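See structure below.
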Amino acid sequence: MPPQPLPSLCTPPITFAHRGGRAHGPDNALETFALALDLGATGLETDVWLSRDGHPMLDHDGVVWHRGVRRPFSSFTRERIGPDIGTLADVYQSCGTDFELSVDVKDPAAADAVIEAARSAGAEDRLWLCHADWELLAELRNRTTAHIVDSTRVRRMKEGPERRAAAMADSGIDAVNLPAKDWTGGLAALFHRFGRLCFGWDVQHIRLAAALRDMGLDGLYGDHVDRLIAGIASPSEPAEPAPDGDICEAQPA
């Protein structure tokens, strides 16, 4: 008999459409976000940078070419950045609030604007703020009721996963987000023991989504919404790590 799937804290796991589901449309575009929800995604993922006039702008790199030089969004007003880049308020206006929203806070200066946009939309409790800076995460915990996510890798946990999980619980950090290839069922069970949710990113194949679900993960990030949904709905199989060639090396959120 194959081993039984491990329990999760969130069943079924949240399906986060990475950059809105970039396999189905342009990165971080309003129409791509809307399509991902139509396809059945229960969460959206995006990257945020702050414009000079204080708007949280949705873009992965957060730079504008100006006179042949790449300059950060913080150098320009929303109008100068251009109409092709949406804001967080645009997402809520276009797509509503009936979904989980994972935001990679690329620009720490944008954190308060992100929180305020979600709060104004009545969606702060469905916001997941992701970053790798532990000090920033602890500060955010004191400023919002949104979920706080430690976006990292196992090799960066110099103190070890168990001490990291304990520190997360003490600091009120809700979830850990690791690349799919880092996860095992035992590691997920460890973080669950401390009441912390487990998210996996770069989930690009049906069988990988199914394997991570069976390891007990609570949220999956991928470019293909249809594959995420098919994976978490597929019959359970023995959970095992996917071979290296089955994983695309992408950035998390």
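The values are calculated or read from the model by the stated rules, or taken from the named source; none is laboratory data. Only a predicted model underlies this, so the values are computations on that prediction, with no experimental measurement involved. We place every Cβ from the backbone using ideal geometry, glycine too, and count neighbours over all the protein chains shown. SASA here: full protein model, heavy atoms, side chains in, ligands and nucleic acids out. Shrake-Rupley method; radii C 1.70, N 1.55, O 1.52, S 1.80 Å.
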- Message: For region 86-93, check the following and say yes or no: at least one residue is closer than 14 Å to residue 49 by Cα and surrounded by fewer than 17 Cβ atoms within 10 Å (Cβ to Cβ).
- Response: yes
- Note on the structure: Per the filter on region 163-181, residues open to solvent by less than 40 Å² (accessible area, probe 1.4 Å), part of a helix (DSSP H, G or I) and within 18 Å of residue 208 (Cβ to Cβ) are 180
- Tell me which residues, restricted to region 71-87, are touching a strand residue (DSSP E or B) at 6+ places or on another chain (Cβ under 9 Å) and over 18 Å from residue 109 (Cβ atoms). 82, 86
- Could you grab the pairs with beta carbons closer than 6 Å, sequence gap of 6+ or different chains, first residue in region 116-140 and in contact (Cβ under 8 Å) with a residue 60 or more places away in the chain, second one aliphatic (A, V, I, L, M) and open to solvent by 20 Å² or more (accessible area, probe 1.4 Å)? 117/89
- Of the conditions (1) open to solvent by 40 Å² or more (accessible area, probe 1.4 Å); (2) within 23 Å of residue 204 (Cα to Cα), residue 119 fails just one. Which one is it? (2)
- Take region 168-208 and flag every residue that is on the phi < 0 side of the Ramachandran plot and either of a type in the set (Asp, Glu) or without any contact (Cβ under 8 Å) to a residue 24 or more places away in the chain (or both). 170, 174, 182, 186, 200
- Counted residues in region 111-151 being in a helix (DSSP H, G or I), touching a strand residue (DSSP E or B) at 6+ places or on another chain (Cβ under 9 Å) and not acidic (Asp, Glu) come to 14
- List every residue pair whose Cβ atoms sit under 7 Å apart, with the two residues 6 or more apart in sequence or on different chains, where the first one lies in region 88-111 and is of a type in the set (Lys, Arg) and the second, anywhere, is open to solvent by less than 20 Å² (accessible area, probe 1.4 Å) and in a strand (DSSP E or B). 106/47; 106/48
- Query: Quick one: what pairs do we get from region 60-75, first residue under 16 Å from residue 46 (Cα atoms), second among the small types (Gly, Ala, Ser), C-beta under 6 Å, 6+ apart or different chains?
  - Reply: 73/51; 73/62
- Among the residues of region 31-62, how many are closer than 18 Å to residue 113 by Cβ and open to solvent by 40 Å² or more (accessible area, probe 1.4 Å)? 4
- Output the number of residues of region 63-81 satisfying the condition of being open to solvent by less than 20 Å² (accessible area, probe 1.4 Å) and over 25 Å from the mean Cα position of the chain (by Cα). 1
- Sort out which residues of region 215-235 are open to solvent by 10 Å² or more (accessible area, probe 1.4 Å), assigned to a helix (DSSP H, G or I) and not basic (Lys, Arg), and write them in order of number. 226, 229, 230, 232, 233
- Query: Inside region 1-30, can you point out the residues that are β-branched (Val, Ile, Thr) and open to solvent by 30 Å² or more (accessible area, probe 1.4 Å)?
  - Reply: 11
- Note on the structure: Residues of region 182-206 being surrounded by fewer than 19 Cβ atoms within 10 Å (Cβ to Cβ) and in a loop (DSSP other than H, G, I, E, B), in sequence order, are 184, 194, 195
